[in-house]
1. Within the stretch 241-264, track down each residue that is assigned to a helix (DSSP H, G or I), of a type outside the set (Phe, Trp, Tyr) and farther than 15 Å from Phe322 by Cβ.
2. Criterion first (in a helix (DSSP H, G or I) and crowded, with 23+ Cβ neighbours inside 10 Å) does Ala226 satisfy it?
3. Residues of the stretch 130-163 being assigned to a loop (DSSP other than H, G, I, E, B) and of a type in the set (Val, Ile, Thr), which ones?
4. Going by the conditions given, is Leu127 in a strand (DSSP E or B) and either at pLDDT below 95 or in contact with a helix residue (DSSP H, G or I) (Cβ under 6 Å, 6 or more places away or on another chain) (or both)?
5. Restricting the first residue to the stretch 186-206 and requiring it to be charged (D, E, K, R), which pairs with a second residue that is assigned to a loop (DSSP other than H, G, I, E, B) meet a Cβ separation below 6 Å and a spacing of at least six or different chains?
6. What are the residues in the stretch 280-301 that are of a type in the set (Gly, Ala, Ser) and touching a residue at least 60 places away in the same chain (Cβ under 8 Å), if any?
7. List every residue pair whose Cβ atoms lie under 8 Å apart, where the two residues are 6 or more positions apart in sequence or sit on different chains, the first residue falls within the stretch 38-67 and is farther than 30 Å from Leu21 by Cβ and of a type in the set (Asp, Glu), and the second residue, located anywhere, is at pLDDT 95 or above and in a strand (DSSP E or B).
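The values are calculated or read from the model by the stated rules, or taken from the named source; none is laboratory data. Remember, predicted model here, so these are calculated numbers, not experimental data. For neighbour counting, all protein chains shown are included, and Cβ atoms are generated from backbone atoms with ideal geometry for every residue, glycine included.
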Amino acid sequence: MKPDPAPAPAQPLPPGVVPGLPLTALAPMQDVTDLAFMRVIAHYGAPDFFFTEFFRVHPQSTPEKHILRSIDENSTGRPVFAQLIGEDLGHLARTVRELLRHPVAGIDLNLGCPAPKVYKKNVGGGLLREPERIDDILRLLRDLVPGLLTVKMRIGFEDQRHFLRVLELVNEHRVDLLSVHGRTVKEMYRSEVHYDAIAAAVRHVRCPVLANGNIVSAARAADVLATTRAAGVMIGRHAIRNPWIFRQCREQFAGQPVSRVTLAGVREYVGRLYRETTAPGLAERLHVNKMKKYLNFVGQSVDPAGAFLHDMRRTETEAALFAVCDRHLLAEPDREFAPAPFPGVVARPNCETPSAPSDGCSLETITA
């Protein structure tokens, strides 16, 4: 059975890549969803919607130039929503006015980042403890944003005590699209996803809902939509592992054969990602470490023993990194890249730069 198409929001959303199919979105991930990564994802099959890394909002903030590039220089042909994280009404208003000068598809409020250094500032997931503050913020944003206003949230801070109240606020302030990660802030990325809570959101709000959390494959996406009746899916770290996943979702939703990915295709992806993430002045060791963070996810589907991950994590130079890739990915180039991670093969992206401070909801804090 094909999933239901998305319900109509208060304001029409931009059309999807294939109108009439459930929606797909690339989840905002700090230090990941920049212009280079969006370009790479689009090459293999763009999602319907992109969301930026979050723009930090505080008294000294200005919209980060590298994040603005993912809006202003985006050539993927897909809409880009600008995500904000903050709680001060005056500075939020200032930032929204600045962002509306750029070709954004809409403004998105982050109510979900689970990093302690973020929620301790009472922003991101921390706001889920204070529905009254969310009420004030959404009222402000709805007054300021003439177009699409969207929200990405978790189902609560340490439990779901305020979940229904936040959903009422989503309705009251005419939010146009809601993305729900089916875990609490305290559960981080470790627990099972509470798809029943996402289903409750679908029943309670009037706007379309995107289901988010542990959507590892196109088949899982279809199962989640059948379970939750959501309008679509938002996928984060599993799009790092498998950039073909949005194209595969559309094939699955349309009842078509799902594209098979080979290890040779993955080797091409690694090379493209390396080229796209090259930047002037970026030292080779730092670039290799950045790539290793991505490859921690890619390696979950290469071999069930984790041999690729073991060898890749020990490289320090470009030559060594690609020698490992060639050895593991081109020895059997036509072998299938597993659609879902192998059981027990765990990504550890935070181990690549152990002395570096984690910057909120980045690769440093997202594990398998």
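1. Correct list: Arg241, Ile245, Arg247, Gln248, Cys249, Arg250, Glu251, Gln252.
2. no
3. Of everything in the stretch 130-163, those that are assigned to a loop (DSSP other than H, G, I, E, B) and of a type in the set (Val, Ile, Thr) turn out to be Val145, Ile155.
4. no
5. Hits for this filter: Lys186/Glu158.
6. Matches in the stretch 280-301: Ser301 only.
7. Within 8 Å, the pairs are Glu64/Phe55; Glu64/Arg56.
Yes/no per residue for (1) over 30 Å from Pro103 (Cα atoms); (2) in contact with a helix residue (DSSP H, G or I) (Cβ under 8 Å, 6 or more places away or on another chain):
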| position | (1), (2) |
| --- | --- |
| Glu132 | yes, no |
| Arg139 | no, no |
| Asp143 | no, no |
| Arg154 | no, yes |
| Glu158 | yes, no |
| Asn171 | no, yes |
| Val175 | no, yes |
| His181 | no, no |
